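Dumping the structure here so I can ask a few things about it.
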Amino acid sequence: MNERTWNILVESFPRLLGYGIRVTVPLTLISYALAMVIAVIVALIQYADVKGLRKLCRFYVWVIRGTPLLVQLYLVFFGLPSVGITLKAFPAAVLVFGFNEGAYMAETMRGSLESVHHGQMEAGYCVGMNYLQTMWHIVLPQAFRTAFPALGNSLISMVKGTSLAATITVMEMFRQAQVINGRVSESLGLYTEVAIIYLLFCTVLTWLQRWGEKKLNSYGGQKK
Amino acid sequence: MMLEICGLRKSFAGMEVIRGIDLSVNKGDVVAVLGPSGSGKTTMLRCLNFLERADGGTMTFDGETFDLHAATRHEVARLRRKTAFVFQSYNLFLNKTALQNVTLGLTVSRRMDRERAREIAVRCLEHVGMADRLHSYPSQLSGGQQQRVAIARALATEPEIIFFDEPTSALDPELIGEVLSVMRDLAEEGMTMLIVTHEMEFARSVSNKVMFMEGGLVVESGPSREFFSAPKEPRSREFIRSVLNPKQ
Ligand SMILES: Nc1ncnc2c1ncn2[C@@H]1O[C@H](COP(=O)(O)OP(=O)(O)O)[C@@H](O)[C@H]1O
Ligand SMILES: [Mg+2]
């Protein structure tokens, strides 16, 4: 590696990391929060079999899971303006990432809710709790426990997925690397740096996921 | 008369599994519900607590009459406050400790403050011999221990009657005794109980009334002493014989 390359990389690393922390991380967290809200609502509607809405939820999951994320981004950012709906790049990305991952997480949550034995609900009724109380204190916590690893994986995959926002002009970490590269033509080095930073983020999340699972295990399985 | 059931009927997918059952329970009665598997015992209990909706029938409880088919949500809630249910598979809340399993019904549905709920729960858990496992999760307890916690949970809300659906059928033989002994204590203290069981010796010594069911009907009912010493119906006789000497 010659000295010019080295200097470029040393200079760009903190810059890229800065974009990662200031843009990629918030973009991920906001989108994930939206996805979680959507997932819980969509899963509960199906679990409780709310007539009418149930079909709508199935339709949503079907459409989202059957179309590429990149196409969804283009549709919302480049397509919708022609019917008068113009979104700024960042909110458009949040909406698409949120609704996209929300569909997958809804399926995770639905499966986890259904895996809670119906006897738990009945026992709740028998001690005098109503549907909502039993859902809140018994069924949802157990479902979240079951869903936790998969929900963690969704978060990790979303971190990486946000790089697609570059294609709709969101100035996040990957887009920033492209911009720098346009100036200095150092593809190998710059994209390696970006890859390392994504890896860093995902590694931290994996640790958190493991730590969380251990915490939650207190009532999980092991006999004492 | 504390509890009176008239004309209870229930079918599943066109198959009538409860075909008109009457039953009356006095305060302090321990009623053993006997009968071969598939005779509708579980379904009957579940209808009484509205875990299943009956197709017809009425229940008079404390002088108030409810329609077992058409009871409103409020009536169901009011009735459930006076009753408790012990399941064959315990159904302890898996994400709660033994103590929390017992307090939850008090703090959440009866809005009792935590301190008082805790006191009551500890007392109930002592009652069933589980005071040393307050903070254990169900997965850390044996089946017999779980069922005793479930009984403590049932006691905590001070029900007027407790329904038991084969409380010992899921237990290893060496764990059955501890659960039956708790139930025996409750009977002696005057708790009103409706118990589906296959433990004939227990039924004979603890219950004062028997209800023998088959094919969704009551074949014979009456005082336990008479039922076990001189069953009237041939089917009852056969059943007692087959349960007492399963190999013949
Ligand atoms: N949820 C259900 N759906 C369909 N059939 C049922 C259901 N529950 C019970 N049954 C049927 O009703 C009959 C009585 O069952 P059950 O009340 O469990 O009897 P028991 O407790 O005496 O063994 C059985 O034939 C059983 O197959
Ligand atoms: Mg049964």
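The values are calculated or read from the model by the stated rules, or taken from the named source; none is laboratory data. Only a predicted model underlies this, so the values are computations on that prediction, with no experimental measurement involved. Don't worry about glycine lacking a Cβ; one is built from the backbone with ideal geometry, like all the others, and counts go over all protein chains shown. Side chains included, ligands, DNA and RNA excluded: accessible areas come from the protein's heavy atoms. Shrake-Rupley method; radii C 1.70, N 1.55, O 1.52, S 1.80 Å.
At a 1.4 Å probe radius, carbon and sulfur cover how many percent of the accessible area of chain A? Write out the running numbers ahead of the final one.
Working: 8040 of 11780 Å².
In chain A, the share of accessible area belonging to carbon and sulfur is 68 percent.
Full extension from A:Val71 to A:Lys51: what is 0.36 nm times the residue separation minus their Cα-Cα distance, to one decimal in nm?
So the chain would gain 4.1 nm between A:Val71 and A:Lys51.
Same structure again: Enumerate the amide H contacts of B:Gln88 below 5 Å, restricted to partners 5 or more residues apart or on another chain; note that Pro and chain-start residues carry no placed amide H.
Here B:Asp165 satisfy the definition.
If you wrap a convex hull around the C-alpha atoms of segment B:1-133 and split its volume per residue, what is the figure in Å³? Kindly include the intermediate steps, with their values, before the conclusion.
Working: hull volume 19.9 nm³, N = 133.
Convex hull of Cα atoms, per residue: 149 Å³.
Another question about this same structure. For a quick check: with amide H placed at 1.01 Å from N, whose amide H comes under 5 Å from B:Val17's, ignoring anything fewer than 5 positions away on the same chain?
Under 5 Å from the amide H of B:Val17 lie the amide H atoms of B:Lys10, B:Ser11, B:Phe12, each far enough along the sequence or on another chain.
To continue, here is another question. What would the Debye equation give as log₁₀ I(q)/I(0) for segment A:3-223 at q = 0.09 Å⁻¹, counting only Cα atoms as equal point scatterers?
Scattering profile of segment A:3-223, log10 relative to I(0): -0.47.
What list of ³J(HN,Hα) values in whole Hz, one per residue of segment B:51-61 in order, does the Karplus curve 6.51 cos²θ - 1.76 cosθ + 1.60 (θ = phi - 60°) give from phi, with Gly and Pro shown as x?
Couplings: 6, 10, 8, 5, 7, x, x, 10, 10, 9, 10 Hz.
Run the 1.4 Å probe and let me know the accessible area of A:Arg54, rounded to the nearest 10 Å².
Its heavy atoms expose roughly 90 Å² to the probe.
Considering only Cα-Cα distances, which of the following residue pairs are longer than 26 Å: A:Lys55/A:Lys215; A:Lys51/B:Lys82; A:Lys215/B:Lys96; A:Lys55/B:Lys96; B:Lys96/B:Lys209?
Numbers: A:Lys55/A:Lys215 37 Å; A:Lys51/B:Lys82 33 Å; A:Lys215/B:Lys96 14 Å; A:Lys55/B:Lys96 34 Å; B:Lys96/B:Lys209 36 Å.
From A:Lys55/A:Lys215; A:Lys51/B:Lys82; A:Lys215/B:Lys96; A:Lys55/B:Lys96; B:Lys96/B:Lys209, over 26 Å: A:Lys55/A:Lys215; A:Lys51/B:Lys82; A:Lys55/B:Lys96; B:Lys96/B:Lys209.
Another question about this same structure. What's the average, rounded to a whole number, of partner chain beta-carbon atoms within 10 Å of each residue's beta-carbon in B:92-101? Working shown, then result.
Details: counts 3, 11, 11, 15, 5, 2, 0, 0, 2, 2.
Mean partner-chain Cβ count within 10 Å for B:92-101: 5.
Using the eigenvalues of the Cα gyration tensor, what equivalent ellipsoid semi-axes result for segment B:89-163 when each is taken as the square root of five times the eigenvalue, whole Å, largest first? Walk me through the numbers before you get to the answer.
Values: eigenvalues 62, 35, 26 Å².
For segment B:89-163, the semi-axes come out at 18, 13, 11 Å.
Amide H of B:Gly35 versus every other amide H placed in the peptide plane: which residues, excluding those fewer than 5 positions away on the same chain, fall under 5 Å?
Under 5 Å from the amide H of B:Gly35 lie the amide H atoms of B:Met213, each far enough along the sequence or on another chain.
Using a 10 angstrom cutoff on alpha carbons, build the Gaussian network for chain A and name the most mobile of A:Met129, A:Met105, A:Met171.
A:Met129
With a sphere of radius 12 Å drawn around the Cβ of B:His198, what net charge do the other residues whose Cβ falls strictly inside it have (Lys, Arg +1; Asp, Glu -1)?
On the way: positive: B:Lys41; negative: B:Asp165, B:Glu166, B:Glu199, B:Glu201.
Cβ neighbours under 12 Å give a net charge of -3.
Just to be sure I understand the model, the point goes 7 Å from the Cα along the line to the Cβ. What's the resulting A:Thr86 to A:Asn130 distance in nm?
About 4.8 nm, to one decimal.
Binned at 10 Å from 0, what are the whole-percent values of the Cα-Cα distance distribution for chain B, short to long?
Here the calculated profile for chain B is 7, 31, 36, 22, 5, 0.
Among A:Pro14, A:Trp207, A:Val40, which residue has its Cα furthest toward the positive end of the charge dipole of chain A, with +1 on Lys/Arg Cβ and -1 on Asp/Glu Cβ?
A:Val40
Comparing A:Glu172, A:Glu193, A:Glu122, which has the greatest mean-square fluctuation in the GNM of chain A with Cα pairs linked when under 10 Å apart?
Sorting by GNM fluctuation, first place goes to A:Glu122.
Further question on the same structure: Using Cα pairs under 8 angstrom and six or more residues apart, how large is the relative contact order of chain B, in percent? Please list the in-between numbers first.
On the way: 454 pairs, mean separation 63.4, N = 248.
For chain B, the relative contact order is 26 percent.
Hey, another quick one. Over all directions, what mean area does the Cα convex hull of segment B:119-172 project, stated in square nanometres? Write out the running numbers ahead of the final one.
Working: hull surface 15.9 nm².
Result: a mean projected hull area of 4.0 nm².
Separate question: When ligands, DNA and RNA are left out and all protein chains stay put, how many square angstrom of accessible area per residue does segment B:92-158 have with a 1.4 Å probe?
On the way: 2660 Å² over 67 residues.
It amounts to 40 Å² per residue over segment B:92-158.
Continuing with the same structure: Test of understanding: express the Cα radius of gyration of the protein assembly as shown as a ratio to 2.2 N^0.38 Å, with N the residue count. Working shown, then result.
Values: Rg = 30.3 Å, N = 472, 2.2 N^0.38 = 22.8 Å.
Rounded to two decimals, the normalised Rg is 1.33.
Something else about it: Would you calculate the separation in nanometres between label points at B:Ser242 and A:Ile41, each defined as 7 Å from the Cα along the Cα-to-beta-carbon direction?
Between B:Ser242 and A:Ile41, the label points sit 5.6 nm apart.
From the backbone phi of segment B:151-166, what are the Karplus-calculated ³J(HN,Hα) couplings (6.51 cos²θ - 1.76 cosθ + 1.60, θ = phi - 60°) in whole Hz, Gly and Pro given as x?
5, 4, 4, 5, 5, 4, 8, 6, x, 7, 8, 10, 9, 10, 10, 6
Where is the GNM fluctuation largest for chain A (alpha-carbon springs, 10 angstrom cutoff): A:Leu132, A:Leu190, A:Leu200?
Maximum among the listed residues: A:Leu132.
Would you mind pulling out the separation of the Cα centroids of segment A:96-135 and segment A:65-80, in Å?
After rounding, the separation between the Cα centres reads 30 Å.
Along segment A:186-202, what does the Karplus equation 6.51 cos²θ - 1.76 cosθ + 1.60 (θ = phi - 60°) give for ³J(HN,Hα), rounded to whole Hz, x for Gly and Pro?
Once θ is set to phi - 60°, the couplings for segment A:186-202 become 9, 3, 4, x, 5, 6, 5, 4, 4, 4, 5, 5, 4, 4, 4, 4, 5 Hz.
Assign unit charges at the C-beta atoms only (+1 for Lys and Arg, -1 for Asp and Glu), then state the dipole size of segment B:145-248 relative to its Cα centre in Debye, rounded to the nearest 20. Could the numbers behind the result be given before it?
Details: 11 positive and 17 negative charges, 79 e Å.
Computed about the Cα centre, the dipole is about 380 debye.
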